[in-house]
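Structure first, then comments.
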Amino acid sequence: MAYDPNNIFARILRGELPCKTVYEDEHVLAFSDIRPLADVHVLVIPKGAYVSLDDFTADAGPEVVGHFFKVVGEIARITGVAETGYRIISNIGAHGHQEVPHLHVHVIGGRPLGRMLPDARG
């Protein structure tokens, strides 16, 4: 999957589409998901043009990668799910069901989430 500069997250970063900001700094934007799957559902995205966690960790410097994940933890604390538990998800590629070609991490919590995946082994 190639980076598409017109993907929805790139458009949000350019201010072309609105979002409900939870956190923002020079390198990262976090905002509420428009179709939340739980009481807390925040998307955390880097401001750089990275398709997935794979190219982000390969191409971004260690300080940028480290800062990104520190912000993911901060989002859990800001939203109050750090105490009760939460899930972070980053879908990568076709088998991971990635829909937007811009790295994003879902921070989901606020209720019991159940199993990580259904057992598809039959």
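The values are calculated or read from the model by the stated rules, or taken from the named source; none is laboratory data. Note that this is a predicted model, so its numbers are computed, not measured. Here the Cβ is made from the backbone with ideal geometry for all residues, glycine too, and neighbour counts use every protein chain on show. Just the protein is used for accessible areas: all its heavy atoms, side chains included, with ligands, DNA and RNA removed. Shrake-Rupley method; radii C 1.70, N 1.55, O 1.52, S 1.80 Å.
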Open item on the list: For region 1-18, which positions are open to solvent by 30 Å² or more (accessible area, probe 1.4 Å) and free of Cβ contacts under 8 Å to residues at least 40 places away in the same chain?
Closed with: 6, 11, 13, 14, 15, 16, 17, 18
Task: Lone unmet requirement of (1) more than 12 Å from the chain's Cα centre (by Cα); (2) crowded, with 17+ Cβ neighbours inside 10 Å for residue 45 - done: (1)
TODO: Restricting attention to region 78-92, report how many residues are within 14 Å of residue 105 (Cβ to Cβ) and charged (D, E, K, R).
DONE: 1
Open item on the list: Please go through region 12-28 and give me each residue that is within 16 Å of the chain's Cα centre (by Cα) and within 24 Å of residue 65 (Cβ to Cβ), ordered by number.
Closed with: 12, 13, 19, 21, 22, 23, 24, 25, 27, 28
Open item on the list: Given the options 21, 84, name the one that is exposed (fewer than 13 other Cβ atoms within 10 Å of the Cβ), farther than 22 Å from residue 2 by Cβ and touching a residue at least 24 places away in the same chain (Cβ under 8 Å).
Closed with: 84
Open item on the list: I'm checking my understanding of the structure. Among residues of region 1-37 that are in a loop (DSSP other than H, G, I, E, B) and of a type in the set (S, T, N, Q), which one is nearest to residue 92 (Cα to Cα)?
Closed with: 7
